[in-house]
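Please read the structure below before turning to the comments.
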Amino acid sequence: MSEPDVNHSSSLTFFQFLYRYGTIILILLLIVGFSLANSSFLQTSNVITILRSISIVTIIAIGITISLAVGGFDLSVGSNASLSNAVVMSMFVWYSQPTLVSVGIAIIACLVVGLFNAFMIVKIKIPDLLMTLATMFIIQGVALTYTRGASISENMIMSDGSYAEGSIPSFFSKIGQVPYIIIIMLICVIVVHLFLTYTKHGRSLYIIGGNEEAARLSGIAVNKYKVLAYLLSAFFAALGGIVLASRVMTAEINAGGSYLMDAVAAAFIGFAVFGAGKPNAIGTFIGAILIGVLANGLVMLSVPYYAMDIVKGSVLAFALAITYYKFK
């Protein structure tokens, strides 16, 4: 009778270890594999390239992480980032506004979206996934209408045939450059980690996500914290869109949409990192690193673009399997 118990205990320990450190091990294996395949992979310049490439994904994913902390899910962050991207560029190019005004208006526009999400989810009781999906389409339409379907850049041709006279301040253009873009990402990760882990408000978000009814009975203002979570999610989507605008110096149609799935994957992969078992900023950052290392390595190996999604999706599925495998 004792033998099965030993085996069960061993397998439990193995899967517990895999659950806690599987993502880290997978990243290390990818780094070793890509380094052996291409000696340039571990060069400092390439490491910086990877960190720069994951900066916007991480910032947007941090917002998703906060919405997940209260048991919600904000699917509108990609469209919100596109809106922020379009608004901040239009303020510069169309209306010749200074940096603080342009950035402030972009953030306010996204916070209005976050407030709309919160109202519909908290007061009207629409399921978060369905509501933010609807919001995603609404914001896509708003951004397309606002930009008239055109890309916004310096000296663009306006609808009346004239040229836009506004310019992008040199200060703003530095936000999307190294090292500032990486510093902004790290600050977001550290601040949100400290907020969620060491403050009363952060712990309240987790309690609501664990058991909303129990949180309400214990006196926590559930609705207030859920509104806060969706506002913070919208804020980080706005920040991601602003950094994106600074990096590419233009506002493309649905520019933030391409970051949505990577941000969602990073947030969900981060659940299990170091055995957290819940959405957390450090785990989300490591999930984004996994995605960035994988994408960069595949590019360096000249994997055809049509095969890249297959490989990328398969590795991410494996990472998620490690995260969500439940040992019994």
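Specify the residue with the greatest mean-square fluctuation among 109, 81, 229, computed from a Gaussian network of the chain linking alpha-carbon atoms under 10 Å apart. Its mean-square fluctuation being the largest, the pick is 109. Relative to the 2.2 N^0.38 Å rule of thumb, the chain has a C-alpha radius of gyration ratio of 1.07. Extending 7 Å from Cα along the Cβ direction at residue 159 and again at residue 195 yields two label points whose distance is 3.6 nm.
In this structure residue 193 has an accessible area near 50 Å², from a 1.4 Å probe over the protein heavy atoms.
Shape class for the range 136-198: oblate, because the ratio a/c of the largest to smallest gyration tensor axis (alpha-carbon atoms, square roots of eigenvalues) is 1.5 or more and b/c is at least a/b. Computed from Cα atoms, the angle from the helix 281-300 axis to the main principal axis of the chain rounds to 80 degrees. A Cβ-based charge dipole, computed about the Cα centre of the chain with Lys and Arg at +1 and Asp and Glu at -1, lands at about 640 debye. For residue 42 and residue 126, the difference between the fully extended length at 0.36 nm per residue and the C-alpha to C-alpha distance is 25.5 nm. Note on residue 258/residue 321: beta-carbon distance plugged into 1/(1 + (r/R0)^6) with R0 of 25 Å gives a FRET efficiency of 0.55. For the range 31-169, a simple Cβ point-charge model (Lys and Arg +1, Asp and Glu -1, everything else neutral) yields a dipole of about 300 debye relative to the Cα centre. Computed per residue of the chain from DSSP H runs no shorter than four, each worth -39500 (n - 2.57), the mean residue ellipticity at 222 nm is -24500 deg cm²/dmol. For the range 238-305, rounded, prolate or oblate, judged on the Cα gyration tensor with a ≥ b ≥ c (square roots of eigenvalues), a/c < 1.5 rounded, else prolate if a/b > b/c? Here the range 238-305 falls in the oblate category.
Express in whole angstrom the spacing between the alpha-carbon centres of the range 121-163 and the range 207-223. If you average the Cα positions of each part, the centres end up 34 Å apart. Full extension of the chain between residue 148 and residue 134 gives 3.0 nm of extra length, using 0.36 nm per residue less the Cα-Cα distance.
Maximal additional length on extending the residue 96-residue 303 stretch stands at 70.2 nm, based on 0.36 nm per residue less the C-alpha distance. Qualifying trypsin sites (Lys or Arg not before Pro) in the range 39-134, where qualification requires a DSSP coil assignment and no more than 11 other C-beta atoms within 10 Å, comprise 125. Rounded to the nearest 0.05, the FRET efficiency derived from the C-beta distance between residue 211 and residue 274 at R0 = 30 Å is 0.85. In this view, the solvent-accessible surface of residue 308, computed with a 1.4 Å probe and all protein chains in place, comes to about 40 Å².
The values are calculated or read from the model by the stated rules, or taken from the named source; none is laboratory data. Owing to the predicted nature of the structure, the values given are computational and were not obtained by experimental measurement. Cβ coordinates were reconstructed from backbone atoms using ideal geometry, including for glycine residues, and neighbour counts include every protein chain displayed. Surface accessibility is based on the protein's heavy atoms, side chains included, excluding ligands, DNA and RNA. Shrake-Rupley method; radii C 1.70, N 1.55, O 1.52, S 1.80 Å.
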